[in-house]
Structures are given as structure tokens and as C-alpha cells.
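Notes follow once the structure below has been shown.
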Amino acid sequence: MTSQSATASETSAVRMEAVYKRFGDFAALSEVDLRVAKGERIVVCGPSGSGKSTLIRCINHIERHDEGLIYVNGFELKPEPKSVDLVRRETGMVFQSFNLFPHMTILENCILAPMSAHGLGRREAEDRAMALLEKVRIADQAKKFPIQLSGGQQQRVAIARALCMQPKIMLFDEPTSALDPEMVKEVLETMKGLANEGMTMLCVTHEMGFAREVADRIVFMDKGRIIEQAKPEAFFTAPQTERARHFLDQII
Ligand code: ADP
Ligand code: MG
């Protein structure tokens, strides 16, 4: 970690400065500046195609940004594998499609990365996994395969699996969008639990009830840019831009 050691004064969990991400000529992110403090809960919203997933994916280094600077817990994201490993260790990611390995049991899904990336023994990895499956209230399903679980249960497993890597930041990309309505609540409750424990969270979601209740700040994106940031109360009652007003009219 010599060349990448974080500065002691760093208080931001995520810091983005003038970040651009392009696909060919198209800028999916333009001039994005964002700071997320440790322990802060951010909800990212905006129309389809506005760059929300790209933003999250750049923070987790699934996508490499083209310009600008991104720091995660003080470590600068650079193209080299060491940097990628480092940030992946700090961040947990939960996707819309749960992305569990179908041929592995719930427990096996949860112990794989801690054993391979953290070098944990099987016993230790299983103890950690069972404690986290307990936390998302699904420990009784540990021996089952993903297909035997409901969508809501699978998503709770995906959250537990991410937590097994002991991340400092949790990134969520529309975690409830693929769920039947009756399963949305159980996943949001799990996320609220995490928020109450002080986890730093960046959530792309259109669940505005969750946003009002949990978010410290709403980040609104349009056409690859962050065009508005505000506390939930201010954002929902008095959005500053026409585009945010229009967006809220459509979804609330
Ligand atoms: P959102 O999550 O807000 O719906 P995305 O971040 O997925 O938006 O996408 C932002 C824009 O970037 C969209 O126009 C999308 O088509 C484009 N885009 C995203 N990923 C790719 C890719 N791998 N190749 C080309 N274009 C992409
Ligand atoms: Mg998206």
C-alpha cells in the first residue's frame, strides 16, 4: 500500500472530482463532483439513462473513468490491478439482478470471496456468513440454492454476501426494481437496518419513501451530470430545477 496510502486527514468515503466517463463519443458522466462523508447515506435518482449505474460502477471500478479523480476512503482509483483490488475490498455492491451463483448454496455464495480474497479458512468464513445471514433473517435457508428462494430472499442474501467482505461502503443499484411489490419492503427494511448501524451507503433507487426516511442527501442526475443535491425534505418539497420537478411529477 506504499504508493497508495490514504491521507490521514481524509474524511470522505468517496470523493469524485470532475469525472468523465465516455462510451465512444457519448459522455455517460460529465464533470461529476461528489463527496460522500463517512457514515452518510445518499440516494441517487434521475431518469433512465442519466448515468446513475455508470456513477456507481465507476466508484466500484467495474467501469474505468476517463478523466478526473476518484478517491475511495482516501485511495485514488487508478487503472492498475492493485488499486482495483483495494477498492473492491472497501466497497460492497448489490445489483438489481441478484447475481448469486446458481450452482452454489446460499452459504457457499457467501463464503467464496472471503476465502479467496481475504484468505479466511472455511470455518471462519462460514461463521461470518451465518452471522450475516442471521442479520438479514435468512440463516434458515443457508443450505438451499438460490432458485429455491423468493426474489426478496435472494436479494437479502446478496446483501449478506456483500457484507461478508466487511466493506466500508455499500453501493446499491436499484436493488428492489426487479422484485415483486410484496418483496420490496423486506429488502428496504434490511437496507434501513444497515443505515441505522452507520454504514456509508450510496443507493440508486426510485423508492422515494425510503429516500425520505433514510437519505441524508438526494443526488439528482440528468444526462450524465449531477444537477441537484439537497436534503430529502428540500428536494421533495422544493426541487430547484425544472428537470427534477418533472421527474418527481412522473414518479410520485
Ligand atoms: P442509468 O443507470 O441512469 O439508467 P446508465 O448509467 O446505465 O444510466 O447509462 C447512462 C448512459 O450510458 C445510457 O445512455 C447508456 O445507454 C450508456 N451506456 C451505459 N453503459 C454503456 C456501455 N457499456 N456502452 C455504451 N453505452 C453505455
Ligand atoms: Mg441503471
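Quick notes on this one:
- Pairs are defined by a Cβ separation below 6 Å, a sequence spacing of at least 6 or placement on different chains, a first member in the range 166-185 that is in contact (Cβ under 8 Å) with a residue 12 or more places away in the chain and within 29 Å of Val72 (Cβ to Cβ), and a second member that is part of a loop (DSSP other than H, G, I, E, B) and more than 16 Å from ligand 2 (Cβ to nearest atom); the pairs so defined are Lys168/Asn73; Met170/Met199.
- One residue from Gln153, Gln229, Gln240 being closer than 15 Å to Asn109 by Cα, away from ligand 2 (no atom under 16 Å from the Cβ) and either open to solvent by 50 Å² or more (accessible area, probe 1.4 Å) or not hydrophobic (A, V, I, L, M, F, W, C) (or both): Gln153
- Arg212 fulfils the conditions (1) out of contact with any strand residue (DSSP E or B) (no Cβ under 7 Å at 6 or more places or on another chain); (2) surrounded by 20 or more Cβ atoms within 10 Å (Cβ to Cβ) except for a single criterion, (2).
- Identity of the residue in the range 7-23, under 15 Å from Val72 (Cβ atoms) and buried (at least 17 other Cβ atoms within 10 Å of the Cβ), that ends up farthest from ligand 2 (Cβ to nearest atom): Ser12
- Spans of helices (runs of 4 or more DSSP H) in the range 24-140 with at least 2 residues more than 16 Å from ligand 1 (Cβ to nearest atom) and surrounded by fewer than 20 Cβ atoms within 10 Å (Cβ to Cβ): 81-90, 106-117, 122-135
The values are calculated or read from the model by the stated rules, or taken from the named source; none is laboratory data. Quick caveat, the model's predicted, so the values are computed rather than measured. Glycine also receives a Cβ, built like all others from the backbone with ideal geometry; neighbour counts cover every protein chain displayed. Please note that ligands, DNA and RNA were not included when accessible areas were found on the heavy atoms of the full protein model with its side chains. Shrake-Rupley method; radii C 1.70, N 1.55, O 1.52, S 1.80 Å.
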